[in-house]
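The values are calculated or read from the model by the stated rules, or taken from the named source; none is laboratory data. Predicted model, so just to flag it, every value in this text is computed and none were measured. A quick note on method: Cβ atoms are made from the backbone with ideal geometry, for glycine too, and the neighbour counts reach across all protein chains shown. Quick note on the areas: whole protein, heavy atoms, side chains included, nothing else; ligands and nucleic acids left out. Shrake-Rupley method; radii C 1.70, N 1.55, O 1.52, S 1.80 Å.
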Amino acid sequence: MTKPSSREEETAAEGTAFPGRTYAKAVLEPAYEQAKRELLRPMLAVHKAHLIMLAEQGLVGEEEAGRIAEALRKLSPERWRDSVYTGRFEDLFFEVEHELLALAGEAAGNLHLGRSRNDIGIAIYRIALREKLLRTADAALELHGVLREFALRHADTLTIAHTHTQQAQPTTLGHYAAAVADSLERDLVRLRAAYANVNRSPLGAAALATTGFAISRERVAELLAFDDVIENAYDAVSGADYVGEAASAAQLAAVNLGRFVQDLLLWCTQEFAVLQVAPPYVQISSIMPQKRNPVSIEHARSLLSAAAGDAQTVLRLIHNTPFGDIVDTEDDLQPYAWSGLAKLEAVCRLLAKVIGTIEVDAELLSRRARSSFASVTELADTLVRREGLPFRAAHAVVSHAVAALDARGATVAEFTLDVLNEAARIVVGRPLALTGEELKEALDPEHFVRVRSLRGGPNADEVRRALREQELRHGKLRRWKDDRSERIARSFAELDSRIGSLARVREPLREPLEEEA
């Protein structure tokens, strides 16, 4: 049996000062790597915006601002591309601050006027998250456009819709695809709403109570392309619902798309044989030569489940935490939101390619619709219109007739006037005046779809009208997304330009000490 380590041995192994070796390995090193990849660019942008504001407010002098600006210009993300966590600094934030002091001297210390690690950190997280929301929205818009085009192509493609997994009524594949696109549009609206709450600036809240310096919270927000300032400073550093809302929007989108993907996989089976996935998105079995495995759709399903799981982890990490600045909502939580959004984005782009190239056996779908009893709702409706029967009586007549046919293994092709009138005599006590042509029309799935031209129905003209409206809403969402992306890009470019202007007024920077370089 291994002898337990003594306290002295543990101390020798872990070190006598912060951070202990195991703590660094378990917490600080992964956070450092994440910060290098995801947070360094937003961090430097926040530093630049704060410096510009301090200079404009006269809180730092021209020469001092110039020295800090020049130091910031030297700190590009490339500087840390190959860096590794050493434990010398708690995290990347303090390492960057050390580099600024090494380059600009004590002047760089005034960059921290009127702010705290608390409000800086939340601002950095919000900047990173808003960009991921925009990328996910862009991918969802791509998929939405493909679904709309698919729906237009198949506005006349007959199919049987299912309820409770059983054949229900005729519709069209276009009607189905337009419904999926409508669902995705709502997901896009939720992503846009989440963005609106994410894209609010906490800067100027400092630790939680603002500052006595005459900074401008509004100016910093403007420089960083935030749409608004979080009013209450305590809320600015304590509220985590911004990331919870983004995660919830991603989770619901993943769940919604997962239901659609499940249908696609079912329709790809040889038993259904409705869809054939294009060769770039199928995999051949290593042993069974006949197999065409639609693995792209399978991976879409599993990735959507993982995205929903990541989002749920975000909500779990927030649950039962105190309402204040706390690590639970920071480095440990943020990557789950990023991961969920990244998976959702990837699946949207993959599905756009798969659906854009998929083949549909429209002939098979039509044959199935014509050989099914799915259109008999229209026969009941016809009896109401032509015979004056109450709908429940008409329903009972048709139900009795279908049951009689089913009992003897007959198909809809054997649904004759004699069968219908026999049922009518039993149910309402008299034969019907319906003609053979009227019966044939009532059982025709094309007629079923054509007469359902109410708003939202499967009638091809109505589907096309709805898709035109959908296209207009798609355009508004696309313009929103493009406008926000362009505004952020312009703001970051303007930050660099203004920092360049400040840097021109300065004395030469001192060289960092050898041990600091």
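Test residue 114 against the stated conditions and say whether it is at pLDDT 95 or above, of a type in the set (Gly, Ala, Ser), out of contact with any strand residue (DSSP E or B) (no Cβ under 8 Å at 6 or more places or on another chain) and not in a helix (DSSP H, G or I).
For residue 114, the condition - at pLDDT 95 or above, of a type in the set (Gly, Ala, Ser), out of contact with any strand residue (DSSP E or B) (no Cβ under 8 Å at 6 or more places or on another chain) and not in a helix (DSSP H, G or I) - is met.
Would you say residue 34 is open to solvent by 40 Å² or more (accessible area, probe 1.4 Å) and within 20 Å of residue 126 (Cβ to Cβ)?
yes
Considering only the range 150-185, how many residues are assigned to a helix (DSSP H, G or I) and closer than 16 Å to residue 364 by Cβ? Before the answer, list the steps.
Filtering the range 150-185 for residues assigned to a helix (DSSP H, G or I) gives 150-153, 173-185.
Then drop every residue that is not closer than 16 Å to residue 364 by Cβ, which leaves 173, 176.
Number of matching residues: 2.
Which number in (1) out of contact with any Leu (no Cβ under 6 Å at 6 or more places or on another chain); (2) touching a residue at least 24 places away in the same chain (Cβ under 8 Å) marks the one condition that residue 392 misses?
Checking residue 392 against (1) out of contact with any Leu (no Cβ under 6 Å at 6 or more places or on another chain); (2) touching a residue at least 24 places away in the same chain (Cβ under 8 Å), the one that fails is (2).
Output the number of residues of the range 174-201 satisfying the condition of being closer than 26 Å to residue 129 by Cβ, more than 12 Å from the chain's Cα centre (by Cα) and of a type in the set (Ser, Thr, Tyr).
Result for the range 174-201: 2.
Scan the range 80-101 residue by residue and report those that are over 32 Å from the mean Cα position of the chain (by Cα) and among the basic types (Lys, Arg).
Result: 88, single match.
List every residue pair whose Cβ atoms sit under 7 Å apart, with the two residues 6 or more apart in sequence or on different chains, where the first one lies in the range 244-268 and is among the charged types (D, E, K, R) and in a helix (DSSP H, G or I) and the second, anywhere, is modelled with pLDDT of 95 or more and open to solvent by 20 Å² or more (accessible area, probe 1.4 Å).
Every condition considered, the pairs that remain are 245/197.
I'm told residue 220 meets every condition in (1) crowded, with 19+ Cβ neighbours inside 10 Å; (2) over 26 Å from the mean Cα position of the chain (by Cα); (3) assigned to a loop (DSSP other than H, G, I, E, B) except one. Can you identify the failing condition by its number?
Of everything listed in (1) crowded, with 19+ Cβ neighbours inside 10 Å; (2) over 26 Å from the mean Cα position of the chain (by Cα); (3) assigned to a loop (DSSP other than H, G, I, E, B), residue 220 misses just condition (3).
Under the condition of being without any contact (Cβ under 8 Å) to a residue 24 or more places away in the chain and under 18 Å from the mean Cα position of the chain (by Cα), which residue from the range 476-496 is most open to solvent (accessible area, probe 1.4 Å)?
Once the filter is applied, the top-ranked residue is 479.
For (1) modelled with pLDDT under 95; (2) polar (S, T, N, Q); (3) outside any helix (DSSP H, G or I), each residue gets a yes or a no:
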{"residue": "13", "(1), (2), (3)": "yes, no, no"}
{"residue": "19", "(1), (2), (3)": "yes, no, yes"}
{"residue": "35", "(1), (2), (3)": "yes, no, no"}
{"residue": "49", "(1), (2), (3)": "no, no, no"}
{"residue": "84", "(1), (2), (3)": "yes, no, yes"}
{"residue": "87", "(1), (2), (3)": "yes, no, yes"}
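Out of the residues in the range 31-40 that are touching a residue at least 60 places away in the same chain (Cβ under 8 Å) and not aliphatic (A, V, I, L, M), state the one that is farthest from residue 338 (Cα to Cα).
So, considering only residues that are touching a residue at least 60 places away in the same chain (Cβ under 8 Å) and not aliphatic (A, V, I, L, M), the one farthest from residue 338 (Cα to Cα) is 32.
Inside the range 368-404, can you point out the residues that are in a helix (DSSP H, G or I), of a type in the set (A, V, I, L, M) and either surrounded by fewer than 18 Cβ atoms within 10 Å (Cβ to Cβ) or under 46 Å from the mean Cα position of the chain (by Cα) (or both)?
369, 376, 379, 380, 384, 393, 398, 402, 403, 404 - these are the residues of the range 368-404 that are in a helix (DSSP H, G or I), of a type in the set (A, V, I, L, M) and either surrounded by fewer than 18 Cβ atoms within 10 Å (Cβ to Cβ) or under 46 Å from the mean Cα position of the chain (by Cα) (or both).
Here is a check on your reading of the model: is residue 302 in contact with an Asp or Glu (Cβ under 6 Å, 6 or more places away or on another chain), closer than 25 Å to residue 257 by Cα and modelled with pLDDT of 95 or more? Before you say what the answer is, go through the steps one by one.
Values: in contact with an Asp or Glu (Cβ under 6 Å, 6 or more places away or on another chain): no; closer than 25 Å to residue 257 by Cα: yes; modelled with pLDDT of 95 or more: yes.
It is false that residue 302 is in contact with an Asp or Glu (Cβ under 6 Å, 6 or more places away or on another chain), closer than 25 Å to residue 257 by Cα and modelled with pLDDT of 95 or more.
Say we look at the range 182-206 and pick out the residues that are among the basic types (Lys, Arg) and farther than 11 Å from residue 144 by Cβ; which of these is surrounded by the most Cβ atoms within 10 Å (Cβ to Cβ)?
Within the range 182-206, the first condition is being among the basic types (Lys, Arg), and the residues that meet it are 186, 190, 192, 200.
From what is left, the residues that are farther than 11 Å from residue 144 by Cβ are 190, 192, 200.
Values: 190: 18, 192: 18, 200: 20.
Applying the filter and picking the extreme gives 200.
Pairs needed: first member in the range 75-102, over 17 Å from residue 42 (Cβ atoms); second member anywhere, modelled with pLDDT under 90 and not aliphatic (A, V, I, L, M); C-beta distance under 6 Å; at least 6 residues apart or different chains.
Pairs found: 87/19; 102/512; 102/516.
Please give the number of the condition residue 387 fails out of (1) touching a strand residue (DSSP E or B) at 6+ places or on another chain (Cβ under 8 Å); (2) farther than 25 Å from residue 260 by Cα.
(1)
Could you list all residues from the range 440-459 that are surrounded by 20 or more Cβ atoms within 10 Å (Cβ to Cβ) and in a helix (DSSP H, G or I)?
442, 445, 448, 449, listed by residue number.
Return the residues of the range 186-211 that are of a type in the set (Gly, Ala, Ser), in a helix (DSSP H, G or I) and over 13 Å from residue 250 (Cβ atoms); say none if nothing qualifies.
Filtering the range 186-211 down to residues of a type in the set (Gly, Ala, Ser) leaves 193-194, 196, 201, 204-207, 209.
From what is left, the residues that are in a helix (DSSP H, G or I) are 193-194, 196.
Answer for the range 186-211, where residues must be of a type in the set (Gly, Ala, Ser), in a helix (DSSP H, G or I) and over 13 Å from residue 250 (Cβ atoms): just 196.
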